[in-house]
Amino acid sequence: MSETGAPPRSLVAAAAVLAAVLAVTVAVLGVVLPSGSDQDAPDGAADPPGPLPLVSIPAPKSGSAECATLVRAAPGTLESAGEQLGRRELAQPAPPAALAWGRDNPVVLRCGLQRPPELTPTSTLREIGGVRWLPVPGEGATTWYVVDRGVYSALTVPDDAGTGPLQQLSETVADALPAVPLSFE
């Protein structure tokens, strides 16, 4: 400190230089690094997302013929709240018999799962397009289990997706897999 109580000029100069270097670094990084936003690319299309990582869950029948049939029959796009959701690549190792559609909050289909523990003789089921579903609400999404086919499948639909994905997948399930009686064991 000087006799006036002010910091030495060399310290003030060093602080000013550091502040300038920091400002330039932030500006350069803002131009060089992607922002992570969904701004349109020059051709008008948003940057494609990377592969979607899915956590593996027990799916003992994921290698079944029924799951292979359902995966083959699944549509390439789903209608969601007036928007078309394209099929999403899954990160490796991807769970077997799993598909996803959409960018930021994807719709996910899994086939060959264990019987959902929420399925009881008193469960409230919904029939959509000839397929019986068990809805299990979650945080920000509902998982709908197909409970009347030879394999259990689940469709996780974000709360803001509307009913389109569930309706389309109901048609797919009804066409691809024959109905069976409900089982609670």
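Identify the single condition in (1) over 13 Å from the mean Cα position of the chain (by Cα); (2) in a strand (DSSP E or B) that GLY86 does not satisfy, given that it satisfies every other one.
Tallying (1) over 13 Å from the mean Cα position of the chain (by Cα); (2) in a strand (DSSP E or B), GLY86 fails exactly one: (1).
Please pick out the residue among ALA68, ALA100, ALA91 that is touching a residue at least 12 places away in the same chain (Cβ under 8 Å) and open to solvent by less than 20 Å² (accessible area, probe 1.4 Å).
Values: ALA68 fails: open to solvent by less than 20 Å² (accessible area, probe 1.4 Å); ALA91 fails: open to solvent by less than 20 Å² (accessible area, probe 1.4 Å).
Being touching a residue at least 12 places away in the same chain (Cβ under 8 Å) and open to solvent by less than 20 Å² (accessible area, probe 1.4 Å) holds for just one of ALA68, ALA100, ALA91, which is ALA100.
So ALA141 fits all but one of (1) more than 15 Å from SER80 (Cβ to Cβ); (2) hydrophobic (A, V, I, L, M, F, W, C); (3) out of contact with any Leu (no Cβ under 9 Å at 6 or more places or on another chain); what number is the exception?
Every listed condition holds for ALA141 apart from (1).
Can you tell me which condition VAL131 does not meet? The list is (1) modelled with pLDDT of 95 or more; (2) more than 24 Å from PRO178 (Cβ to Cβ); (3) crowded, with 17+ Cβ neighbours inside 10 Å, and all the others hold.
Answer for VAL131: the failing condition is (2).
Suppose the filter is open to solvent by 40 Å² or more (accessible area, probe 1.4 Å), under 24 Å from PRO137 (Cα atoms) and touching a Leu at 6+ places or on another chain (Cβ under 8 Å); does ARG115 pass it? First the steps, then the outcome.
Values: open to solvent by 40 Å² or more (accessible area, probe 1.4 Å): yes; under 24 Å from PRO137 (Cα atoms): yes; touching a Leu at 6+ places or on another chain (Cβ under 8 Å): no.
No: the conditions fail for ARG115.
The values are calculated or read from the model by the stated rules, or taken from the named source; none is laboratory data. Remember, predicted model here, so these are calculated numbers, not experimental data. Because the Cβ atoms are built from the backbone with ideal geometry, glycine has one as well, and the counts that use them run over all protein chains shown. The protein model used for the area step is the full one, side chains on, heavy atoms only, and it has no ligands, DNA or RNA in it. Shrake-Rupley method; radii C 1.70, N 1.55, O 1.52, S 1.80 Å.
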